[in-house]
1. If you find the alpha carbon centre of segment 60-128 and of segment 2-27, how far apart are they in angstrom?
2. Quote the charge dipole size of segment 1-58 about the Cα centre in Debye, to the nearest 20; the model charges only the Cβ of Lys and Arg (+1) and of Asp and Glu (-1).
3. Rolling a 1.4 angstrom probe over the protein chains, ignoring ligands and nucleic acids, what is the accessible area of GLU80 in square angstrom, nearest 10?
4. Could you give the nm distance between label points at GLU32 and GLN108, where each point is 7 Å from its Cα heading toward the beta carbon?
5. With every protein chain left in place and a probe of 1.4 Å, what is the accessible surface of ARG61, to the nearest 10 Å²?
6. Quick check: residue separation of ILE101 and LEU53 times 0.36 nm, minus the Cα distance between them. What number comes out in nm?
7. How big is segment 1-61 along each principal axis, measuring the range of its Cα positions in Å and listing the largest first?
8. Within the set of other residues whose C-beta is less than 9 Å from the C-beta of PHE4, count the net charge using Lys and Arg as +1 and Asp and Glu as -1.
Amino acid sequence: MSTFETDLLSDLIQRKRSCLAQLRGMADKQLELARCGAITQLLELLAAKQHILLHLQEVERQLDRFRGEEPERRRWRSPEKREQCAADQAECERLLAEIVIQEKRSEQELIRRRDEAAAQLSGAAWAGQARGAYLAESWGGNGQLDLISEG
């Protein structure tokens, strides 16, 4: 059986689809962790995601050799193999679109949580200042308690 360059192309597209499917599942988990504020687990997930992204980047580099080719001139082992590769590529595009949507949702959720935390910190700081001002006023304005009684 002779080898076809398209066998390599098909294998690379399948590997790309596998990476994107893993990233899609991780994007769902990422959104869930962002919503519940599980920052430690979120950071662990992002580290794991980085490994898959590096693998995907390597697959993309290997696909570069096929990008300038005219698809009609490629020789395929069979029409079925060509159709399967086209279906895998379409799935890659679908997964990538879903990943982008989930990443945007996660980003929005993290921004919302950040803004809530900032508002809470600001409120706590304001409350601390108000408490300090109240205590200073109730102790005669000098921050000390007046224990001298008249009479």
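The values are calculated or read from the model by the stated rules, or taken from the named source; none is laboratory data. Predicted, not measured: the structure shown is a model, and the values here were computed from it. Backbone-built Cβ (ideal geometry, glycine too); neighbour counts: all protein chains shown. Heavy atoms of the whole protein, side chains included, go into the accessibility calculation; ligands, DNA and RNA do not. Shrake-Rupley method; radii C 1.70, N 1.55, O 1.52, S 1.80 Å.
1. 15 Å
2. Taking the Cα centre of segment 1-58 as origin, the dipole is about 240 debye.
3. Around 120 Å² of this residue is reachable by solvent.
4. The answer from the label model is 2.0 nm.
5. That residue has around 130 Å² of solvent-accessible surface.
6. 15.6 nm
7. 54, 16, 14
8. +2
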